[in-house]
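Here the structure comes first, spelled out in structure tokens, and everything after it is commentary.
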Amino acid sequence: MQQDYSKMLFRALLLPLLAGLGLLAGCGGTEKEIKQPVTYKGPLREVRNLEMLFSDSARLKIHLKAPLQLEQTNGDQHFPKGVYIEFYNEDGVKSTTLKANKGIRYASTNLYNVRGNVIVRNLEKGETLNTEELTWKPETKKIFTEKFVTITTAEEILKGEGLDAMQDMTRYRIRKPTGVFPLKQTTPANKTSQ
């Protein structure tokens with residue numbers, strides 16, 4: 001009977017021990033077989049039909065609109081479907097607008113870069129800036145570009161490479177002017193007949 005008890009005890013301990021070892025052996029694997037977690041590389045946040053108002057001392061300064069904003073994990077904000085910005089003067093009157101096909105706000109530098117059919121209109125002076133890329137620095141209220149620009153005023157069309165300007169386009173400088181084209185035709189002075 002002692003022998004039967006020993007066999008039963010041996011079987012009772014051996015079977016679970018072997019089963020446990022079998023399970024442990026099945027769980028192990030080479031490092032190649034273990035899959036690494038997939039890192040998400042998309043936007044942290046997505047906002048549709050965005051409207052942001054920026055004010056100073058309870059006065060509206062900037063109104064930004066975008067059909068889509070994607071905020072990345074580093075804080076950068078992408079506007080892949082375009083951006084429209086209205087700038088307001090000290091009296092709260094809309095003075096300038098900026099429109100572009102797409103844009104990015106870089107969180108680390110707080111610079112806005114817009115691209116594709118960029119149009120800036122100074123509503124007070126009736127002037128329009130056209131370019132393919134423009135950078136706006138809100139802290140200094142300045143815009144600039146290295147790209148080709150065209151500025152249309154009431155009297156002339158100015159063209160050139162590169163631009164430095166105030167965000168409201170009240171003052172600007174074309175870095176490398178290539179042409180000034182008057183819009184109004186002047187008539188030559190009458191010649192006296194002899």
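The numbers here are math on the coordinates, done by the rules we state, and not lab data. A quick note: this is a predicted structure, and the numbers were derived from the prediction, not measured. As a convention, Cβ positions derive from the backbone with ideal geometry for all residues, glycine included, and neighbour counts pool all protein chains shown.
In what sequence do 83, 93, 38, 47 fall when counting other Cβ within 10 Å, fewest first? Walk me through the numbers before you get to the answer.
Details: 83 27, 93 10, 38 6, 47 16.
Result, fewest neighbours first: 38, 93, 47, 83.
Determine, for 79, 54, the number of other Cβ atoms within 10 Å of each Cβ, and report the residues in order from fewest to most.
54, 79
Which aspartates and glutamates does residue 147 reach when only Cα atoms under 14 Å apart count, and residues fewer than 8 places away in its own chain are ignored?
The reachable aspartates and glutamates, counting only those whose Cα sits under 14 Å from residue 147, are 132, 133, 161, 164.
Would you tally the net charge around residue 50, using a Cβ to Cβ cut-off of less than 14 Å, leaving residue 50 out, and scoring K and R as +1, D and E as -1? Walk me through the numbers before you get to the answer.
Numbers: positive: 45, 48, 65, 81, 102, 105; negative: 46, 51, 71, 86.
So the environment of residue 50 carries a net charge of +2.
Give me the log10 of I(q) over I(0) for the range 104-185 at q = 0.12, 0.17, 0.19 Å⁻¹, as the Debye formula computes it from C-alpha points; what are the numbers?
Values, matching the q order: -0.33, -0.65, -0.80.
Give me the percent of Cα-Cα pairs in the range 45-181 that sit more than 21 Å apart, rounded to a whole number.
Counting every Cα pair in the range 45-181, those more than 21 Å apart make up 40 percent.
Taking neighbour counts of Cβ atoms within 10 Å as a proxy for exposure, in what order, fewest first, do 56, 91, 76, 168 appear?
Listing 56, 91, 76, 168 from fewest to most nearby Cβ atoms yields 91, 56, 76, 168.
To the nearest 20 Debye, how big is the dipole of the range 45-181 about its Cα centre, given +1 on the beta carbon of each Lys and Arg and -1 on that of each Asp and Glu?
In total the dipole reaches around 200 debye.
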